[in-house]
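Remarks on the structure that follows.
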Amino acid sequence: MQELIVMVVKALVDEPEKVIVRRVEGERSIIFEVRVASSDLGKVIGKQGRIANSLRTIVKAAGTKQHKSIWVDINSISESSQEEMNGEHSS
């Protein structure tokens, strides 16, 4: 599922090398933290959040087999955050 998110987000942005997706799994939920360059944030969220909501819908549908709540958190990445997360689930 993480690969699906990476593929979709990278197709939307101008700086795909800065896309970072991190999976945080809890007992009853899975959170995918999506970080993109600040200049690409609007492209991933879309007008009135339509693209972000569509991405969340796809991920929730793909995750129904796991019987967990699935969330997608989308934010821009600062330079310091990128250094901390560099290489961590970025594809």
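The values are calculated or read from the model by the stated rules, or taken from the named source; none is laboratory data. It should be emphasised that the depicted structure is a prediction, and the values quoted were computed from it without experimental measurement. Heads up, the Cβs are rebuilt from the backbone with ideal geometry, glycines too, and the neighbour counts pull from every protein chain shown.
Selection of the range 9-26 for residues being under 17 Å from Ile77 (Cβ atoms) and outside any strand (DSSP E or B) yields Val9, Lys10, Leu12, Val13, Asp14, Glu15, Pro16, Glu17, Lys18, Val19. Evaluate the range 84-91: report whether one residue or more is of a type in the set (A, V, I, L, M, F, W, C), farther than 13 Å from Met1 by Cβ and at pLDDT 95 or above. For the range 84-91, residues of a type in the set (A, V, I, L, M, F, W, C), farther than 13 Å from Met1 by Cβ and at pLDDT 95 or above: absent. Of all residues in the range 29-64, which are in a helix (DSSP H, G or I), hydroxyl-bearing (Ser, Thr, Tyr) and more than 15 Å from Val8 (Cβ to Cβ)? Those that are in a helix (DSSP H, G or I), hydroxyl-bearing (Ser, Thr, Tyr) and more than 15 Å from Val8 (Cβ to Cβ): Ser38, Ser39, Thr64. Looking across the range 16-32, the residues that are buried (at least 18 other Cβ atoms within 10 Å of the Cβ) and not basic (Lys, Arg) come down to Val19, Ile20, Val21, Ile30, Phe32.
Residues are listed down the side, and each one gets a yes or a no for (1) in contact (Cβ under 8 Å) with a residue 24 or more places away in the chain; (2) at positive phi; (3) polar (S, T, N, Q):
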position: Asp14; (1), (2), (3): yes, no, no
position: Phe32; (1), (2), (3): yes, no, no
position: Thr57; (1), (2), (3): no, no, yes
position: His67; (1), (2), (3): no, yes, no
position: Ile70; (1), (2), (3): yes, no, no
